[in-house]
Amino acid sequence: MKRDGDGALPEVGPWAEKKYDHLKTYVTMFSTGMRKKWPTRVYVDLFAGAGKAAIEGTSRVVPSSALIALSVRHPFDRYVFCEKDTPNLAALRARVRVVAPDADVRFVPGDCNAQVENLLAELPSAGARDALTFCFVDPFGLSDLKFATIRSLARGRRVDFLALVPSHMDATRNEVRLTASSEPILDDFLGARDWRSRWETMGRKPGRPTFGLFVVDEFGRSMEGLGYLRSEPREAAPVDARRRPLYHLAFFSKNPRGSDFWKKTKRSASKQGELFED
């Protein structure tokens, strides 16, 4: 891991800039479009990182999700950053002090799945009618996120989610291990076990999707079970590296307005996609 004057600088592949571009476009639209409709707007980052990242193979350093959200023209009323890596969290604290010293920022150290109660303590109370929350979910792999965490955050609150689903870099690559009946990783990620029967049924049909796309669809099914609008795999934003699929960014809202924002985000980001080809 690299470092600068503020501390840790995690290295990421060039394709991460596509992810950051989608996030920047959406949070800018969200924070501006919702500022007069909701008295309280909250940004939550379950894997907040260090605030900056170094692009592998280059000398470039870019803002990552937390600093992107802090830098919007119309800031959120509160920011909640969860990060389990101690050096990353220390660097994030230092960078927040520089970039947004007056922002209402709450830090939650530790694994987001183990810190649900502490996360909930920093959010508007369940049933609050004047608060809207946007949550960015950026796990490294399937084992880093349990759907129970999403379920707890969404219960009784107005929360939109932008989630990275490790469709190909993890799911497709590890299909044999993940589909074993004794392996709970995908059960936990999807919050269900009945996906196996649907995958087995698809396996007997021609033209079935890749296992990665199937996982994207199943995640959407799980979100639909929480009352979110159904999001098909084609509505997620794929992120590739050298034309190899890596993962999908999937958006979920209970309001069609949020889905409209996401469609505009994808159109805007796609126009800049060639800038990030490696």
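The values are calculated or read from the model by the stated rules, or taken from the named source; none is laboratory data. Predicted model only: the values in this text are computed from it and were never measured. Please note: Cβ atoms are built from the backbone with ideal geometry, for glycine as well, and neighbour counts cover all protein chains shown.
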Quick check: anything in segment 43-51 at negative phi, surrounded by fewer than 22 Cβ atoms within 10 Å (Cβ to Cβ) and of a type outside the set (Val, Ile, Thr)?
no
Going through segment 218-257 one residue at a time, which ones are within 15 Å of the chain's Cα centre (by Cα), touching a residue at least 40 places away in the same chain (Cβ under 8 Å) and assigned to a helix (DSSP H, G or I)?
Phe219, Met223
Scanning segment 96-123 residue by residue, those touching a Gly at 6+ places or on another chain (Cβ under 8 Å) and closer than 12 Å to Ser152 by Cβ turn out to be Asn118
Could you list, in sequence order, the residues of segment 195-214 that are within 17 Å of Ser181 (Cβ to Cβ) and among the β-branched types (Val, Ile, Thr)?
Thr201
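Residue-by-condition table, conditions (1) in contact with a helix residue (DSSP H, G or I) (Cβ under 8 Å, 6 or more places away or on another chain); (2) aromatic (Phe, Trp, Tyr); (3) crowded, with 18+ Cβ neighbours inside 10 Å; (4) at pLDDT 95 or above:
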{"site": "Arg106", "(1), (2), (3), (4)": "no, no, no, yes"}
{"site": "Asn113", "(1), (2), (3), (4)": "yes, no, yes, yes"}
{"site": "Phe134", "(1), (2), (3), (4)": "yes, yes, yes, yes"}
{"site": "Lys146", "(1), (2), (3), (4)": "yes, no, yes, yes"}
{"site": "Ala154", "(1), (2), (3), (4)": "no, no, yes, yes"}
{"site": "Leu162", "(1), (2), (3), (4)": "yes, no, yes, yes"}
{"site": "Val165", "(1), (2), (3), (4)": "yes, no, yes, yes"}
Grab the helices (runs of 4 or more DSSP H) fully contained in segment 133-203, keeping just those with 2 or more residues being in contact with a strand residue (DSSP E or B) (Cβ under 8 Å, 6 or more places away or on another chain) and in contact (Cβ under 8 Å) with a residue 40 or more places away in the chain.
147-154
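Could you list, in sequence order, the residues of segment 53-78 that are surrounded by fewer than 23 Cβ atoms within 10 Å (Cβ to Cβ) and within 24 Å of Thr133 (Cβ to Cβ)?
Pro63, Leu67, Ile68, Leu70, Ser71, Val72, Arg73, His74, Pro75, Asp77, Arg78
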Please list, ordered by residue number, the helices (runs of 4 or more DSSP H) wholly in segment 13-126 having 3 or more residues that are free of Cβ contacts under 8 Å to residues at least 60 places away in the same chain and within 16 Å of the chain's Cα centre (by Cα).
16-33, 65-70
Counting only residues that are at pLDDT 95 or above and buried (at least 22 other Cβ atoms within 10 Å of the Cβ), which one in segment 24-40 is farthest from Leu246 (Cα to Cα)?
Val27
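Tally time: how many residues in segment 26-56 are in contact with a His (Cβ under 7 Å, 6 or more places away or on another chain) and farther than 14 Å from Ile68 by Cβ?
2
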For Gly225, the lone unmet condition from (1) at pLDDT below 95; (2) within 18 Å of Ala154 (Cβ to Cβ) is (1)
Going by what's in this entry, would Ser71 be described as small (Gly, Ala, Ser) and at pLDDT below 95?
no
